[in-house]
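Participant: This structure is in structure tokens; I'll ask about it shortly.
The values are calculated or read from the model by the stated rules, or taken from the named source; none is laboratory data. Just so you know, these numbers come straight off a predicted model, no measurement behind them. Cβ placement follows ideal geometry from the backbone for every residue including glycine, while neighbour counts extend to all protein chains displayed. Please note that ligands, DNA and RNA were not included when accessible areas were found on the heavy atoms of the full protein model with its side chains. Shrake-Rupley method; radii C 1.70, N 1.55, O 1.52, S 1.80 Å.
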Amino acid sequence: GDRLSPAAESAIHAEMRDVMALPKADETFIFARWVADHANDSNDLVRRFAKLWLGALQPSERSAFYDMASRIAAVDGDPTAEQVGCLKLLH
């Protein structure tokens, strides 16, 4: 997949630290980036996790997750068509 820009990496770190309040945000980011780097198609990756998100997250949590992903997708300008497709799968 495409590499993240430094601005996008920074935005993801900030969301994980400040919004999600993850105690080990750096470790989680490294693992998540590894998973994403080994995915052939980001839409496929989102589809694989959609069942988990739908089952584990309340509607308000899914909405917050979507908002967070939308903020990150907008860091480098308008979201790409692929990013828009992934966002639709999250909502």
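Participant: Give all pairs with beta carbons closer than 7 Å in which a residue from the stretch 45-56 that is surrounded by 11 or more Cβ atoms within 10 Å (Cβ to Cβ) meets a residue that is not in a helix (DSSP H, G or I) and not basic (K, R); count only pairs at least 6 apart in sequence or on separate chains.
Facilitator: Short answer, once both residue conditions are applied: L45/A39.
Participant: A further question follows. Report every pair of residues separated by at least 6 positions or lying on different chains whose Cβ atoms are under 7 Å apart, first residue within the stretch 5-18 and surrounded by fewer than 13 Cβ atoms within 10 Å (Cβ to Cβ), second not in a helix (DSSP H, G or I).
Facilitator: S5/D76; A7/V75; A7/D76
Participant: Condition test on A69, is it within 14 Å of K88 (Cα to Cα) and either of a type in the set (D, E) or open to solvent by less than 50 Å² (accessible area, probe 1.4 Å) (or both)?
Facilitator: yes
Participant: When only residues in the stretch 64-82 that are more than 20 Å from L54 (Cβ to Cβ) and touching a residue at least 40 places away in the same chain (Cβ under 8 Å) count, which is farthest from the chain's Cα centre (by Cα)?
Facilitator: Applying the filter and picking the extreme gives D76.
Participant: For K24, indicate whether it is within 25 Å of A81 (Cβ to Cβ), of a type in the set (K, R) and either without any contact (Cβ under 8 Å) to a residue 12 or more places away in the chain or open to solvent by 60 Å² or more (accessible area, probe 1.4 Å) (or both).
Facilitator: For K24, the condition - within 25 Å of A81 (Cβ to Cβ), of a type in the set (K, R) and either without any contact (Cβ under 8 Å) to a residue 12 or more places away in the chain or open to solvent by 60 Å² or more (accessible area, probe 1.4 Å) (or both) - is not met.
Participant: I've got another one for you. Please state which of the following conditions S42 fails to meet, knowing it meets all the rest: (1) open to solvent by less than 50 Å² (accessible area, probe 1.4 Å); (2) polar (S, T, N, Q); (3) touching a Leu at 6+ places or on another chain (Cβ under 7 Å).
Facilitator: So the condition that S42 fails would be (3).
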